[in-house]
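The structure under discussion appears below in the form of structure tokens.
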Ligand code: AIR
Ligand code: ASP
């Protein structure tokens with residue numbers, strides 16, 4: 001069997017050349033990192049859970065008409081995605097104060113915000129993904145005004161969708177990070193939600209107990225990360241050993 005071509009290796013995922021032009025295979029590793037990879041570990045089973053959870057959220061977004069890069073899950077650790085050019089921004093939505101916002105502004109974690117607050121960070125590990133404003137984004141050409149309008153409206157839809165899905169299983173969506181990619185179709189380009197949506201990229205708190213069910217369990221040494229992610233998967237009815245759905249990949253519209 002020929003060795004497949006590695007296109008990119010990140011901290012938690014690896015991208016391989018896909019079976020057809022315009023596709024890639026996204027492999028979810030068990031590696032966990034935090035604080036810009038200062039803290040590292042291998043958490044057995046994390047990749048499988050994030051693959052399944054990201055499939056679940058991206059599929060749901062597709063069903064409500066938010067385009068994503070997701071095409072099809074291939075196996076327990078891999079999914080077929082559309083190849084896209086990543087916009088170099090981390091788009092963060094906060095419904096409740098936590099993490100870096102609480103630190104920066106001195107607001108207690110868990111304080112409900114008067115409305116969702118969207119923040120942008122410039123994706124650059126060497127710089128530690130600094131917070132930037134729309135002024136920086138426009139001035140340095142990281143995204144056009146049209147892109148920013150699309151990013152904002154899609155991001156708020158993702159927030160409403162994710163908040164509702166989580167609320168239905170007794171979990172509060174505190175905040176999350178998403179990324180966008182540009183897909184080219186002839187002379188046109190459009191934006192799709194890319195990367196992953198998983199407990200690695202969200203803060204999820206149990207509504208009853210306040211228990212953290214996200215990567216803060218790893219960042220802050222609060223117990224077993226796989227137990228936390230499995231709890232999210234269990235509540236959503238997405239558990240390992242679910243075979244991939246059959247059929248051909250369908251392109252998102
Ligand atoms: N995030 C940001 N960079 C990487 C990730 N995963 C996510 C965090 C959290 C949100 O963005 O997981 O859900 C805000 O993070 P912070 O550290 O700015 O408070
Ligand atoms: N994933 C990033 C890192 O490795 C940030 C984080 O999630 O804390 O450092």
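The values are calculated or read from the model by the stated rules, or taken from the named source; none is laboratory data. Not measured: the values here are computed from a predicted model. Note that we place each Cβ from the backbone using ideal geometry, even for glycine, and neighbour counts take in every protein chain shown.
Yes or no, residue by residue, for (1) at pLDDT below 95; (2) within 16 Å of ligand 1 (Cβ to nearest atom):
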| site | (1), (2) |
| --- | --- |
| 182 | no, no |
| 185 | yes, no |
| 204 | no, yes |
| 207 | no, no |
| 220 | no, yes |
Kindly provide the set of residues from region 13-47 that are at positive phi and either more than 16 Å from ligand 1 (Cβ to nearest atom) or in contact with a strand residue (DSSP E or B) (Cβ under 6 Å, 6 or more places away or on another chain) (or both), ordered by number.
22, 45
Residues that are surrounded by fewer than 17 Cβ atoms within 10 Å (Cβ to Cβ), within 19 Å of the chain's Cα centre (by Cα) and more than 24 Å from residue 72 (Cα to Cα), drawn from region 184-231:
219
From the list 23, 68, which one is more than 16 Å from ligand 2 (Cβ to nearest atom) and touching a helix residue (DSSP H, G or I) at 6+ places or on another chain (Cβ under 9 Å)?
68
Candidate set: region 134-161, residues that are assigned to a loop (DSSP other than H, G, I, E, B) and within 21 Å of the chain's Cα centre (by Cα); chosen: the one surrounded by the most Cβ atoms within 10 Å (Cβ to Cβ)
143
Can you tell me which residues in region 166-183 are touching a residue at least 12 places away in the same chain (Cβ under 8 Å), surrounded by fewer than 17 Cβ atoms within 10 Å (Cβ to Cβ) and within 22 Å of residue 110 (Cα to Cα)?
167, 169, 170
